[in-house]
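S.K.: First the structure, which I've put down as structure tokens, then a few questions once you've had a look.
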Amino acid sequence: MEDQAKTKAQLIAELNELREQVVESRSDAEEQDQLLGQVMGSVQEGVIVYGPDLQYRFWNQFMEELTGVPASKILGRPSQEVFP
């Protein structure tokens, strides 16, 4: 009911504010994702992350050095396909 009393301009202003908040939240999430990737990529231990579909989602540089297999050949593929 409250929204019915608001003018079209007020509703548009609120919508624009919400859009800005979404953009800012996405930007923050992307920054956090990049930071986590940098940290996990530089860890001197093998780090592997699987998705719910059991496909490789993350393969750090240490794993590349340990196995000789680059992440580009691993990511998005199931382990049975990569290491039969």
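Each value in this text was obtained by applying a stated rule to the coordinates, not by laboratory testing. In this text, all values refer to a predicted model and were calculated from it rather than measured experimentally. Here Cβ is always computed from backbone atoms with ideal geometry, including for glycine, and neighbour counts include all displayed protein chains.
S.K.: Looking at the range 1-52, which of the residues that are among the small types (Gly, Ala, Ser) and outside any helix (DSSP H, G or I) is surrounded by the most Cβ atoms within 10 Å (Cβ to Cβ)?
M.R.: Filtering the range 1-52 for residues that are among the small types (Gly, Ala, Ser) and outside any helix (DSSP H, G or I), the one surrounded by the most Cβ atoms within 10 Å (Cβ to Cβ) comes out as Gly46.
S.K.: Right, here's the next one. Determine which member of the set Arg57, Arg19 is charged (D, E, K, R) and in contact (Cβ under 8 Å) with a residue 12 or more places away in the chain.
M.R.: Only one candidate passes the filter, namely Arg57.
S.K.: Okay, next question. Tell me which residues, restricted to the range 61-75, are small (Gly, Ala, Ser) and surrounded by fewer than 12 Cβ atoms within 10 Å (Cβ to Cβ).
M.R.: Gly68, Ser72
S.K.: Sticking with this one: Determine which single condition Gln55 fails, assuming it passes every other condition in (1) over 21 Å from Lys73 (Cβ atoms); (2) surrounded by 10 or more Cβ atoms within 10 Å (Cβ to Cβ).
M.R.: Exception for Gln55: condition (1).
S.K.: May I pose another question? With respect to Leu35, is the statement that it is under 30 Å from Asn60 (Cα atoms) and either in contact with an Asp or Glu (Cβ under 6 Å, 6 or more places away or on another chain) or aliphatic (A, V, I, L, M) (or both) true?
M.R.: Numbers: under 30 Å from Asn60 (Cα atoms): yes; either in contact with an Asp or Glu (Cβ under 6 Å, 6 or more places away or on another chain) or aliphatic (A, V, I, L, M) (or both): yes.
Judged against the criteria, Leu35 is a match.
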